[in-house]
Structures are given as structure tokens and as C-alpha cells.
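One structure is given here, and the rest of the page talks about it.
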Amino acid sequence: MTPRDVAAHMQASCAAIYEVFGEAAPTLSNDDFVVRAHELSRAFGARALQFRAHSGDVAIEPLAIIESVLREAVVNDQTGAMALFALVSVVGPRLLVSTRDARTALEGGTELGDALDELANTLVKEIRRTAEVVRGLPEGDEQWLEVAKGLTIRLEASGNAESFGFFA
């Protein structure tokens with residue numbers, strides 16, 4: 001695994017969050033969630049650009065598994081609550097583990113290591129901010145809870161139970 005491979009994978013992960021929330025924000029029906037989606041898109045777009053500087057001139061597509069889970073969440077709840085829940089509880093923690101694993105694999109301090117540290121800090125900050133906005137998600141709505149649980153099951157079934165690895 002080269003530093004360029006790590007950078008490309010992390011860029012693809014951030015690009016997926018950037019793209020989905022950027023596209024979804026104007027379509028969501030809850031104003032607080034619209035603002036949060038814009039802020040998430042901006043934060044992860046900045047991280048994607050940061051990794052782009054380390055991944056070379058290779059065209060990077062958003063990481064498919066992150067993109068598809070977030071898009072599924074948007075489709076299943078037009079308010080945006082499910083997409084925000086997916087970031088806080090499903091995608092964010094796994095990406096944080098991937099970031100830690102990538103940092104460990106790099107061995108030593110590098111500019112890429114600094115970018116990984118910034119991504120970890122961004123993840124924690126954005127997860128906390130998002131969690132504050134989505135407090136009081138639909139309790140007792142069995143259908144909503146089943147769909148939310150399905151997102152986790154889907155990631156587990158695709159081999160992403162704990163992280164998004166490096167070449168998923």
C-alpha cells in the first residue's frame with residue numbers, strides 16, 4: 001500500500017460524503033437538516049481536495065459503498081434525518097476507523113499523515129455537530145428504524161463491518 005493509494009482511497013471516501021450531501025441539501029424538507037447537509041458537504045469537500053493533492057492526477061470516483069448507503073438514506077427519508085443518522089452512526093465511525101488504520105500504515109509523520117489527522121478531527125467534529133441537530137429522531141417509528149438498521153446490515157454484509165478498508 002503506497003501513500004498515493006491511501007490518499008486516493010481517503011479522497012474517494014470524502015468525495016462520496018461531499019457529493020451526496022451537496023446534492024441532497026437543496027432537496028431536503030427540514031431546514032436544520034438542509035443547513036447541516038451543506039456544512040457536511042463543505043467540510044468533506046475540503047478534505048477530499050486535501051487528499052487530492054496527495055493522490056496525483058488520477059481521476060477518483062466517490063467510494064461506491066459510502067455513496068450508495070448515503071443515497072439510500074436520502075431516498076428513504078426526504079427530511080434528511082436518515083442521511084444524517086447514517087453519517088453519525090453508520091458511515092462516520094467506520095471512516096474514522098479507516099482513518100486510524102491508514103495513519104498506522106503510513107509509519108511516521110508525513111504531510112499525508114497530517115491530512116489523515118485533519119480528517120479524523122473533521123469526522124469527530126462533524127459527527128458531534130450532526131448528532132446535536134438530529135436529536136430526537138423518530139422514536140417508535142418501526143419502519144424508519146428498520147430502514148436505518150438495514151443500512152448497517154448492508155455495510156456488514158459488504159465486508160465493511162468496522163471500516164471501509166483501503167481498497168473496498
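Every number here is computed from the coordinates shown, using simple stated rules; none is lab data. Note that the structure is predicted; figures quoted are calculated from it, not measured. Neighbour counts run over all protein chains shown; Cβ positions are idealised from the backbone, glycine included.
Taking Cα centre as origin and charging only the Cβ of basic (Lys, Arg, +1) and acidic (Asp, Glu, -1) residues, the dipole magnitude of the stretch 67-168 rounds to 80 debye.
Report the gain in length on full extension from MET1 to GLU162: 0.36 nm times residue separation, minus Cα-Cα distance, nm rounded to one decimal. Spell out each step's value before the answer.
Numbers: separation 161, 0.36 × 161 = 57.96 nm, distance 1.94 nm.
Using 0.36 nm per residue and subtracting the Cα-Cα distance, I get 56.0 nm.
Across all directions, the average projected area of the convex hull around the alpha carbons of the chain is 8.9 nm². Rounded to the nearest 10 degrees, what's the angle between the helix 64-76 long axis and the longest principal axis of the chain, both from Cα atoms, 0 to 90? Roughly 10 degrees, rounded to the nearest 10. Taken about its Cα centre, the stretch 1-152 carries a charge dipole of about 280 debye when Lys and Arg each add +1 at the Cβ and Asp and Glu each add -1 at the Cβ. Candidates ALA43, GLN143, LEU28 compared by Cα position along the dipole of the chain: farthest toward the positive end lies ALA43, with charges placed on Cβ.
For the chain, what relative contact order do you get, as a whole percent, if you take Cα pairs closer than 8 Å and at least 6 residues apart? Walk me through the numbers before you get to the answer.
Details: 210 pairs, mean separation 46.6, N = 168.
Contact order relative to length: 28 percent.
Approximating the spin labels as points 7 Å out from Cα along Cα→Cβ, the ALA53-to-THR27 distance works out to 3.3 nm.
For ASP117 and ARG154, what does the FRET efficiency come to when R0 = 25 Å and r is the distance between their Cβ atoms, rounded to the nearest 0.05?
Working: r = 29 Å, r/R0 = 1.18.
For ASP117 and ARG154, the calculated efficiency is 0.25.
Do any GluC sites (Glu not before Pro) in the stretch 53-135 lie in a DSSP loop with no more than 14 other beta carbon atoms within 10 Å, and if so, which? If you can, show how the numbers build up before the last one.
Working: sites: GLU67, GLU72, GLU107, GLU111, GLU118, GLU126, GLU132; in loops: GLU107.
In loop regions of the stretch 53-135 (DSSP not H, G, I, E or B), the sparsely surrounded GluC sites (Glu not before Pro) are GLU107.
Counting only alpha carbon atoms, the long axis of helix 31-55 and the longest principal axis of the chain meet at about 10°.
In the chain, the longest principal axis of the Cα atoms and the axis of helix 92-106 are about 10 degrees apart. Fewest neighbouring Cβ atoms within 10 Å first, the residues ILE66, ILE60, ILE153 line up as ILE153, ILE60, ILE66.
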